[in-house]
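Encoded as structure tokens, the structure appears first; notes follow it.
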Amino acid sequence: MILGTGIDIIEIERIEKTIKKWGKDFLEYVFTAEEIAYAQKHKYPAQHFAARFAAKEAVLKAFGKNSHIHWKDIKITNDKHGKPLCIYGNKKFKKKIFISISHTHVYAVASATITS
Ligand SMILES: CC(C)(COP(=O)(O)OP(=O)(O)OC[C@H]1O[C@@H](n2cnc3c(N)ncnc32)[C@H](O)[C@@H]1OP(=O)(O)O)[C@@H](O)C(=O)NCCC(=O)NCCS
């Protein structure tokens, strides 16, 4: 059963500028070590950081509330085929979260669906 959906789009340049301004402080506040390593191994890391930022925002929208959820409680990983997976940090959380990501050089977009 679908319990919630969310979508978010972001200008990659906005994330790029934030990373330039705040560096590690911003990255480590928002992203897990695994997310940082994934983005940094690519030619254009900001594209993958922006996509993960959008994915986290989409998950927050799918929840329909954002209180008590920290950025890093929502973990975005990729399976061996590159498909993005979402792990929500709270162990009591038994529902599933499906996400999808796309990006151009200008925008990153992500959608999230929570199911029972
Ligand atoms: C998967 C694929 C369709 C992505 O499309 P694209 O136009 O190259 O790239 P987009 O910008 O739209 O999307 C990129 C995002 O797609 C997602 N993605 C990558 N592989 C994926 C897969 N197998 N299934 C679902 N999503 C995938 C990732 O989240 C990626 O962003 P990220 O690296 O920041 O996590 C493309 O890589 C492709 O056609 N691969 C070859 C065929 C393939 O492996 N198909 C898999 C299904 S059988």
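Laboratory data are not the source of any read-out in this text; all were calculated from the coordinates shown. Since we're looking at a predicted model, the values are computed, not measured. With ideal geometry, Cβ positions are generated from the backbone for all residues, glycine too; neighbour counts draw on all protein chains shown.
Quick notes
- When only Cα pairs below 8 angstrom with a gap of at least 6 residues are kept, the chain shows a relative contact order of 39 percent.
- With neighbours defined as other Cβ atoms within 10 Å of a residue's Cβ, the residues 81, 48, 42 order from fewest to most as 81, 42, 48.
- Ignoring lysines fewer than eight residues from residue 41 along the same chain, the ones with Cα atoms less than 23 angstrom from its Cα are 17, 20, 21, 24, 56, 72, 75, 80, 83.
- Helix 12-30 and the long axis of the chain differ in direction by around 70°, with both axes built from C-alpha atoms.
- Sum of -39500 (n - 2.57) over DSSP H runs of 4+, divided by residues of the chain (222 nm, nearest 500): -13000 deg cm²/dmol
- Each residue in 116, 100 was given a count of other beta-carbon atoms within 10 angstrom of its own, and listing them fewest first yields 116, 100.
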